[in-house]
There are 2 protein chains.
Amino acid sequence: MHTEHGQLETMNKLTFTAVPHIPHVQPGDDLAELLLAALDKSGIRLQNGDVLAIAQKIVSKAEGRLVNLGDVAFGAEAYRVGLETHKDPRLVQLILQESAAISRMKPGVLIVRHKLGFTSANAGIDRSNVAQAAGEGTVLLLPADPDGSAERIRVAIAARLDVAVGVVITDSHGRPFRLGTVGVAIGVAGIPALWDRRGEDDLYGYELQHTEVAVADEIAAAAGLLMGQGAEGAPVVLLRGLHLPPRWGKAADLNRPEEKDLYR
Amino acid sequence: MHTEHGQLETMNKLTFTAVPHIPHVQPGDDLAELLLAALDKSGIRLQNGDVLAIAQKIVSKAEGRLVNLGDVAFGAEAYRVGLETHKDPRLVQLILQESAAISRMKPGVLIVRHKLGFTSANAGIDRSNVAQAAGEGTVLLLPADPDGSAERIRVAIAARLDVAVGVVITDSHGRPFRLGTVGVAIGVAGIPALWDRRGEDDLYGYELQHTEVAVADEIAAAAGLLMGQGAEGAPVVLLRGLHLPPRWGKAADLNRPEEKDLYR
């Protein structure tokens, strides 16, 4: 190691590392066990303050949230919405079951408010990175309670390794106003989801306003850079170097109450 | 360095490093020069593929986008909007000058579509981390052309150091549907802003759909974790380890055309 590297090491720094050796996850797998085994095999020793960003898909698979469309009976509303959106009415049936309300629809597009409180396309249901049964479509629903999933993983790690880590379950969402998807947090444990910095002084002593930072979403977005979305398959990313206040939040904290949503 | 660290070093990894020795930026400063000096002083040698995330505030300050409210004459519309939003009509005058349209307003809130194409509160104008002249408010407008600002910094670095780096100028935005601010890209050079991965195969050979990733926003969000917003003051973050396709985009690519905005 030359001097340059040594200096870089001492600077204020975050590292995001794709955790290797995560196997293809199957329904019924104990994800925390798989994760602990992968960390062990990789020689990664977790430290207090580390945050693990975990792609929603492997959480959902472990929790058995795969549905074969051939097993889905659709109702009249799903049929109607399927016609309007040009989508398979069986897929629409599942989307509606996962949703509190339809937000927007047109051919090819179905945006809903998910029962979990956020707004997303197709209620987060998709087919990519799901092994397809022959002749039928298999789709993957979001975890039923991603905040609970994150908390269970956090507790399992704490119990085994006696370290206090944060867990963020991530998904990719489209957004109003801006093109492209970004990683967002749909499950959080062991860290705040929102970091309320109101009242802190800025550089010049002027009181900061309106600066509640969505740190869990920023973590999810950063992890998204490394996870990619395709063949490379890096579903778990370890974040080291972040210094968050010792408060615990939930991804549900990130849902903007409709009556407060002045951006829409 | 023990084995564990050696192994971590070889894994797929991103590092975000706060660049030290960035001075308080003054109007008229040559930001690229300040940045090159800070990198040199810090012993950081830029590499091809590095990305520099730069907080909008120091770009705006260097470009002289500070305005003393005492110098602002407001018109009838600014007066009316100021009454409705309980905001200083001089500040409102500047917000309206920077905006294409008002999106929403109520007491305490003024959301606009910025002339640059994105939607944000107060047209991105604020007072935090701006030195206040005695007795009067000083506010900071966004750079007039942040994509151009990013490109000028990229070119200056390439000319001096003969390295191909990306530059992302970042700001913090609130969002529809979700609480908390996140870092977003308002200026981009040397990297794609959107990474169109449609057509790539996923792990199981199913063709990915709807996966145009807003990589520049993910970079900005990640940098936001390190920049913080307050007294720590880390306005420049170096990202190393990202492997993007060799295409160049602009932050303007991230603006969703209104007619395509089904999320609203």
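The values are calculated or read from the model by the stated rules, or taken from the named source; none is laboratory data. Predicted, not measured: the structure shown is a model, and the values here were computed from it. Here Cβ is always computed from backbone atoms with ideal geometry, including for glycine, and neighbour counts include all displayed protein chains.
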Tell me yes or no: at least one residue of the range A:141-150 is of a type in the set (A, V, I, L, M), farther than 30 Å from residue A:247 by Cα and buried (at least 18 other Cβ atoms within 10 Å of the Cβ). no
Name the one entry in A:148, A:70, A:117, A:124 that is in the same structural domain as residue A:234 (by TED's automatic domain parsing) and in contact (Cβ under 8 Å) with a residue 24 or more places away in the chain. A:148
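Restricting to the range B:65-99, and then to whatever is among the β-branched types (Val, Ile, Thr) and within 25 Å of the chain's Cα centre (by Cα), can you tell me which residue is nearest to residue B:114 (Cα to Cα)? Step through it out loud before you land on a result.
In the first step, residues of the range B:65-99 are kept if they are among the β-branched types (Val, Ile, Thr); the result is B:67, B:72, B:81, B:85, B:92, B:95.
Subset that is within 25 Å of the chain's Cα centre (by Cα): B:67, B:92, B:95.
Values: B:67: 18, B:92: 13, B:95: 9 Å.
Step by step, filter the range B:65-99, then rank; the result is B:95.
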Could you tell me which of the residues A:41, A:61 is within 13 Å of chain B (Cβ to nearest Cβ), closer than 27 Å to residue A:124 by Cα, in a helix (DSSP H, G or I) and out of contact with any helix residue (DSSP H, G or I) (no Cβ under 7 Å at 6 or more places or on another chain)? A:61
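Rundown of residues vs (1) crowded, with 22+ Cβ neighbours inside 10 Å; (2) farther than 30 Å from residue A:33 by Cα; (3) of a type in the set (Asp, Glu), yes/no style:
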residue	(1), (2), (3)
A:66	no, no, no
A:74	no, yes, no
A:80	no, yes, no
A:98	no, no, yes
A:104	no, yes, no
A:108	no, yes, no
Does the range B:100-120 contain at least one residue that is under 22 Å from the mean Cα position of the chain (by Cα), closer than 24 Å to residue B:227 by Cβ and part of a helix (DSSP H, G or I)? no
